[in-house]
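The values are calculated or read from the model by the stated rules, or taken from the named source; none is laboratory data. All values reported here derive from a predicted model rather than from experimental measurement. Positions of Cβ are generated from backbone atoms using ideal geometry, with glycine treated the same way; all protein chains shown enter the neighbour counts. Each accessible area value is taken on the protein alone, full model and side chains, heavy atoms only, with ligands, DNA and RNA left out. Shrake-Rupley method; radii C 1.70, N 1.55, O 1.52, S 1.80 Å.
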Amino acid sequence: MKRYTPQEIELKWQKRWEESHAFACTHKSDKPKYYVLEMFPYPSGNLHMGHVRNYCIGDVLARAKRMQGYNVLHPIGWDAFGLPAENAAIKHNTHPASWTYSNIANMRSQMKRLGYSYDWARELATCRPEYYRWEQLFFLKFLEKGLVYRKEAPQNWCPSCHTVLANEQVVDGCCWRCNSPVEQKDLTQWFLRITAYADELLEDLELLKGGWPDRVIAMQHNWIGKSHGAEIAFPLEKPVAGQESISVFTTRPDTVFGVSFLTMAPEHPLVAEIIRGLPNEEKIQEFITSVRNMDRIERQSETLEKQGIATGAYVLHPLTGKKVPIWLGNFVIASYGTGAVMGVPSHDQRDFEFARKYDLPIVQVISQDGSLSDTASWECAYTEAGVMVNSGEFDGLDNETGKKRVVEALEAKKLGRATTQFRLRDWNISRQRYWGAPIPVVYCEHCGLVPEKEEHLPILLPLEVKTFPDGKSPLPATASFAECTCPKCGGKARRETDTMDTFVESSWYFTRYTCARDEQEAFDKEALSYWMPVDQYIGGVEHAILHLLYARFFTKALRDLGFYPENLDEPFKRLLTQGMVLLDGSKMSKSKGNIVNPEEMIDKYGADTVRLFCLFAAPPERDFDWTESGIEGASRFLQRIWRLFEDSQDVLEPVPAASSTTADATTALAKDLRCREHTTIKKAGEDMGTRCQFNTAIASIMELVNAMYLYRAKMGTDPGERKVFSSAMATVLTTLSPITPHMCEELWSMMGQEDLVSAQKWPNCDESALVRDTQTIALQVNGKLRGTMEMPTGADKAALEAAALEQEQVKKFTKDLTIQRVIVVPGKLVNVVAR
RNA sequence: GCGAAAGUGGCGGAAUUGGUAGACGCACUGGACUUAGAAUCCAGCGCCUUCGUGCGUGGGGGUUCAACUCCCCCCUUUCGCACCA
C-alpha cells in the first residue's frame, strides 16, 4: 500500500505543469474570458500566511473557472520599487536592486511550492526599465494634458523616511509605512490631478455596487467627500495686496444673515497682509506660530480646544454691508474650501462654541416654526431645517429655498456663486527617494522646466550609486544622472532627482499583464480590450482608498489619453477583500513573534493541506485564527481520501467523473450515492466558481467522501454499483482539484486516467440524478415541527395533505383542536393550522 | 458624531428564494482495535428538564400558517472617516 507523501508528489506535479505550460493562456480563444487577479506582492523576502491565503483564494477561483470552460488569465508580478529595499541596503550593505531581485527569486520559488496556476510567462517586476519606461511615457502625456503639475505647498513629510507622503498615506497623522509622526514642510512637488476626476470617481462607484464590498465603496465615497454649497466673498474693509475680499465656502448660504465673525486659517496666504501694521500684530504672530508648531496629530485630535484671536481687521457683510470682525482660528483647515469660513454661531456647533468662548454675538436666522427665541439660553446650535428669520427680504422662506435665493442674490452682486467642494486633494507623487521610477523632466538653465523627449525613454535609474550614508537618496549627488543636457536647447541642465511614488506603478500593472512582453508599445489594444476589466480582484482591505482609488483614477486618465479602450471606465468589476490570518486572536506579526511560517507548514503537511486549511477555516472575507488542530483536520481529510482510494483499488475503474447512468444506479444504495455525487458537483461548482464560498464547497465534497465510505462498506459485486463508485471517485478528484491540485493529480493518474486532472472539464450535474423516489416532508402543527414523513416525489397537494392528517404526530397535536387551514408546500412541508 | 460590517452550540462556521436551525469541521465523551500509545473505526454531542403542546439564532416589539431570513426600536463588537465649514 502506497502512503500519502505530499512532498514528493507535489514536486512531481509542479514540474509536470511547468513543462507542459499547463496554465499559459492567450487572448485568441473562442471561450468566454475570465481575468482573476490577486494584488501583487511587495518582494519583502518571504511569503507570509496572508499572502498564502490571498493567492490560494485566487488560485482556486482560476482553476475552477478554467475547468468550467473559461479562458482564464491568472498572472503574477512584483511591486518591486519602494523604501524597504533602501533600508535593507543600508542595513546589510547591499544594493536595493540585488536585495529586491533575490527576494523575488525566493518568493517565486515559495509560490511555486504552493502550486499556484500562474501564467509565469507574464510575470513582471515594476523596477525593470521594460516596465517603468511606459510609466514615464504616461507621465509625459499627463504633463502635456495638464494632468500632472508642479506646485509649492505645505507637504506631509516623514522625517524617518526622508520623503513626502500623499494624503492617503498619512494614517492618524503618522506615516503609513513606518508610523513616525508626519511633519509639514513647504516643498515644490509633482502632483497628479486626481481631483479632475473627483466627480467621475464618485459617480462610478454606482457601477461597482454589487461587485465591491459596501464598506469599500463607502470609504471611497467619504474620502472623495463631495459637498454642495456656495462660495461667498466678504469685501475687505481695507483691501490688501490687491485683494478686495475674502472668500469663504459654506454649505449653508441660507444662514448668511447670522454671520457674526469670519474665521481664517492661520496659514491662509492673506493673513500676513491683513495683520501687517495692526496694533496687536505681534500677539497674532505668536498665535500663528504656536498653531503652526503644533504637530498634526495634536492639531487634528477631537479634544483640541478651539482657539482663536481677533485680528482687529474687518470685512463687510455681502448683503447687509455691516462690519464683520476677522478672526483666526486653529480649527480652520487651510487646504479645504477657501481656508476661511463664515461664523454663524446660531446654526453651526463649532461656531457656537467659538462664539460662547470669545463672547461673540449669536443671532438666530433659522427657526423651526418661525418664532424667535433668546439665543442666550441656547445650549447648542440649531442645525436642523426651518424657516428663515432676521434675514431681511428672505424672512419666511423655508431654508432649502432660501439657500438658492441667497446664492442668486449674491450672484447678482457678484459676491457669490453656487459651488461644490471635495475633500479629495491632488496626489503628490514626488518622493525624495532613490529606489523608484525616475521622473522624466529636466531643469534647464535657459529653458526652465523641460520634459524629456519620448525617444529618450526610458530614463534609467542608475544602478551605480554611492550608498546611503545618511539615509537619504543618493540621486542628487550622482553626477552621471543629475547632470544632463537640455533636450530642447542642448545646454546644461539638471535632471529631476525625485522619483515617483510606488503607488503609480501599482495603478496600471493589471493592464500590462495582458501583453507583458510587448516591447513596441505599452499595450496591445486587442489583448487589452479582450482581457480587461479584471473580473475578480482579490486583496486586503488596507488598500480600500490608497491603491484602489489611484488605480481607478489611472484607468480613467489612461482611457482619456487613448491608451485604454473608451469603454473601460472601471478596472475591477468585482472585489473580494480577504480577511486576515490571525494567531491567538491577533494579527501575525514579526515584532510580536506570533508567526506561522508557511514553508514550515508545507514541510510538515504539504502544500495541499495548507491550501485546504486556508480555504476551509472560514469564508474568504472573514478573519480566521490559525490553529494546529485545524490544519491537522485538513490533513486528516486528505489522508482519508487517500485511504479510501487505496482500499478501493480493486473496484476502481478509470471512468470519467459523473459518468454513471441511471442504468448503472439501479439499487437504492447506488441511486443515493449518485444523487450525492451530483449534488456535490452542483454545490461545489457554484461555491467555487461563482460564490467564492470555498468552505462550503469543501464541506460538500467531504459529505460525498463520507457517503463513499458508507457505500463501500455495503457495496456488492454488481458492476453498476461499482461504476457508480468509480464515477464518484473521479468526481471527488475533479471537484477537489482546484483546492488540492497535487494530490488530485496523483490519484487521478493512479486511477489510470488520461491527461491532467487540471485539464478536465468540470463534471456536468445531471438534474435527474438529484431527484429521489421519495422525499422527507416536514410536518408542522401551528408552525412547529412535530415530525416528518416519507412521501413519493411529486406527490400533489391533496395527497400530501391527506397523508399528513393521517400521521400520528399530527393527530396527537390537533386532538382537541379544530383544524382551520392546511398549508402545503410540495416537496417541503405540511403545516396544519388548528385552534 | 457620520459611514459600513457583524452578532447562530464549547469553537470555526452552514442554512443561496421566508419553509425540518446547527450541514461540514474542530474540541469533547463513551466504545472497538492495541501490551501500551498514536492512527483508525463505531456511537454520542444546542439548552433546560418537573421529560413537556418546554426553550433556543444579541435584546424587545411587529408582519406571516411559518422568521436566523422581512419591518420598527434598542444593545454590543469590529473597522473606516472625522473641527471638511
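Filtering segment A:162-175 to residues that are in contact (Cβ under 8 Å) with a residue 60 or more places away in the chain and within 22 Å of A:Ile90 (Cβ to Cβ) leaves A:His162, A:Thr163, A:Val164, A:Leu165, A:Gln169, A:Cys174.
None of A:Thr696, A:Thr735, A:Thr731 is crowded, with 24+ Cβ neighbours inside 10 Å, of a type in the set (S, T, N, Q) and within 16 Å of RNA strand B (Cβ to nearest atom) except A:Thr735. Take the conditions (1) farther than 19 Å from A:Asp766 by Cα; (2) in contact with a helix residue (DSSP H, G or I) (Cβ under 9 Å, 6 or more places away or on another chain); (3) assigned to a loop (DSSP other than H, G, I, E, B); A:Met702 misses just one of them, which is (3). For first residues located in segment A:281-306 and near RNA strand B (Cβ under 9 Å from one of its atoms), partners that are open to solvent by 70 Å² or more (accessible area, probe 1.4 Å) and at pLDDT below 80 and lie 6+ apart or on another chain with Cβ distances below 7 Å form the pairs A:Leu304/A:Glu298. The condition (being at pLDDT below 95, touching a Pro at 6+ places or on another chain (Cβ under 7 Å) and farther than 20 Å from A:Val406 by Cβ) is satisfied by just one residue among A:Gly312, A:Gly329, A:Gly339: A:Gly312.
Restricting segment A:649-663 to residues that are over 13 Å from A:Lys2 (Cβ atoms) and among the polar types (S, T, N, Q), which is least open to solvent (accessible area, probe 1.4 Å)? Per the criteria, the residue is A:Ser660.
In segment A:203-226, the residues that are closer than 16 Å to A:Arg425 by Cβ and in contact (Cβ under 8 Å) with a residue 60 or more places away in the chain reach residues that are open to solvent by 70 Å² or more (accessible area, probe 1.4 Å) and within 6 Å of RNA strand B (Cβ to nearest atom) with C-beta atoms within less than 7 angstrom, at least six apart or across chains, in these pairs: A:Trp223/A:Arg423; A:Ile224/A:Arg423; A:Gly225/A:Arg423. Filtering segment A:479-512 to residues that are part of a loop (DSSP other than H, G, I, E, B) and either of a type outside the set (Phe, Trp, Tyr) or open to solvent by 70 Å² or more (accessible area, probe 1.4 Å) (or both) leaves A:Cys486, A:Pro487, A:Lys488, A:Cys489, A:Gly490, A:Gly491, A:Glu496, A:Thr497, A:Asp498, A:Asp501, A:Ser506, A:Ser507. For segment A:77-130, a residue qualifies if it is touching a Lys or Arg at 6+ places or on another chain (Cβ under 7 Å) and assigned to a helix (DSSP H, G or I), and the qualifying residues are A:Leu83, A:Glu86.
Looking at this structure, is A:Arg356 within 16 Å of RNA strand B (Cβ to nearest atom), free of Cβ contacts under 8 Å to residues at least 12 places away in the same chain and at negative phi? The answer is yes for A:Arg356. Among the criteria (1) surrounded by 14 or more Cβ atoms within 10 Å (Cβ to Cβ); (2) in a loop (DSSP other than H, G, I, E, B), the one A:Gly277 does not fulfil is (1).
Please enumerate the residues belonging to segment A:322-347 that are open to solvent by 50 Å² or more (accessible area, probe 1.4 Å), touching a residue at least 24 places away in the same chain (Cβ under 8 Å) and more than 7 Å from RNA strand B (Cβ to nearest atom). Give the derivation first.
In the first step, residues of segment A:322-347 are kept if they are open to solvent by 50 Å² or more (accessible area, probe 1.4 Å); the result is A:322-323, A:333, A:335-336.
This time we only want the ones that are touching a residue at least 24 places away in the same chain (Cβ under 8 Å), so: A:323, A:333, A:335-336.
Result: A:Lys323, A:Ser335.
With respect to (1) open to solvent by 70 Å² or more (accessible area, probe 1.4 Å); (2) touching a Lys or Arg at 6+ places or on another chain (Cβ under 7 Å); (3) not polar (S, T, N, Q), the lone exception for A:Tyr443 is condition (1).
Is at least one residue of segment A:581-590 open to solvent by 20 Å² or more (accessible area, probe 1.4 Å), within 26 Å of A:Ile538 (Cα to Cα), within 15 Å of RNA strand B (Cβ to nearest atom) and among the hydrophobic types (A, V, I, L, M, F, W, C)?
Step one: of segment A:581-590, the residues open to solvent by 20 Å² or more (accessible area, probe 1.4 Å) are A:582-590.
Adding the requirement that they be within 26 Å of A:Ile538 (Cα to Cα) leaves A:582-590.
Checking which are within 15 Å of RNA strand B (Cβ to nearest atom) leaves us with A:582-587, A:589.
Next cut, among the hydrophobic types (A, V, I, L, M, F, W, C) only: A:582-583.
Yes, segment A:581-590 has at least one match.
Residue pairs whose Cβ atoms lie under 7 Å apart, separated by 6 or more positions or on different chains, with the first residue in segment A:776-805 and closer than 14 Å to A:Val832 by Cβ and the second of a type outside the set (Phe, Trp, Tyr) and more than 14 Å from RNA strand B (Cβ to nearest atom), are A:Met789/A:Ala803. Checked against the criterion of being without any contact (Cβ under 8 Å) to a residue 60 or more places away in the chain, among the polar types (S, T, N, Q) and open to solvent by 60 Å² or more (accessible area, probe 1.4 Å), segment A:460-478 contains not a single residue that satisfies it.
Select from segment A:241-255 the residues that are touching a residue at least 60 places away in the same chain (Cβ under 8 Å), within 12 Å of RNA strand B (Cβ to nearest atom) and not small (Gly, Ala, Ser) and list them in ascending order. It would help to see each step written out before you state the result.
So in segment A:241-255, the residues touching a residue at least 60 places away in the same chain (Cβ under 8 Å) come out as A:245-250, A:252-255.
Now drop any that are not within 12 Å of RNA strand B (Cβ to nearest atom), which leaves A:247-250, A:252-255.
A:Val248, A:Phe249, A:Thr250, A:Arg252, A:Pro253, A:Asp254, A:Thr255, listed by residue number.
So which residues in segment A:1-25 are open to solvent by 70 Å² or more (accessible area, probe 1.4 Å) and part of a loop (DSSP other than H, G, I, E, B), if there are any at all? Of everything in segment A:1-25, those that are open to solvent by 70 Å² or more (accessible area, probe 1.4 Å) and part of a loop (DSSP other than H, G, I, E, B) turn out to be A:Met1, A:Lys2, A:Arg3, A:His21. With the condition kept exactly as written, say whether any residue in segment A:396-404 is assigned to a loop (DSSP other than H, G, I, E, B), open to solvent by less than 70 Å² (accessible area, probe 1.4 Å), touching a residue at least 12 places away in the same chain (Cβ under 8 Å) and in contact with a Cys (Cβ under 7 Å, 6 or more places away or on another chain). So far as segment A:396-404 goes, no, none of its residues is assigned to a loop (DSSP other than H, G, I, E, B), open to solvent by less than 70 Å² (accessible area, probe 1.4 Å), touching a residue at least 12 places away in the same chain (Cβ under 8 Å) and in contact with a Cys (Cβ under 7 Å, 6 or more places away or on another chain). Taking helices (runs of 4 or more DSSP H) as the structural unit, those lying wholly within segment A:136-240 and holding at least 2 residues that are within 15 Å of RNA strand B (Cβ to nearest atom) and out of contact with any helix residue (DSSP H, G or I) (no Cβ under 9 Å at 6 or more places or on another chain) correspond to A:214-224. Scanning segment A:285-298 for residues that are in a helix (DSSP H, G or I), open to solvent by less than 50 Å² (accessible area, probe 1.4 Å) and modelled with pLDDT under 85 yields a count of 1.
Return yes or no: is A:Arg350 open to solvent by 60 Å² or more (accessible area, probe 1.4 Å), within 30 Å of A:Leu549 (Cβ to Cβ), within 11 Å of RNA strand B (Cβ to nearest atom) and without any contact (Cβ under 8 Å) to a residue 60 or more places away in the chain? Lay out the reasoning, then the answer.
Values: open to solvent by 60 Å² or more (accessible area, probe 1.4 Å): yes; within 30 Å of A:Leu549 (Cβ to Cβ): yes; within 11 Å of RNA strand B (Cβ to nearest atom): yes; without any contact (Cβ under 8 Å) to a residue 60 or more places away in the chain: yes.
For A:Arg350, the condition - open to solvent by 60 Å² or more (accessible area, probe 1.4 Å), within 30 Å of A:Leu549 (Cβ to Cβ), within 11 Å of RNA strand B (Cβ to nearest atom) and without any contact (Cβ under 8 Å) to a residue 60 or more places away in the chain - is met.
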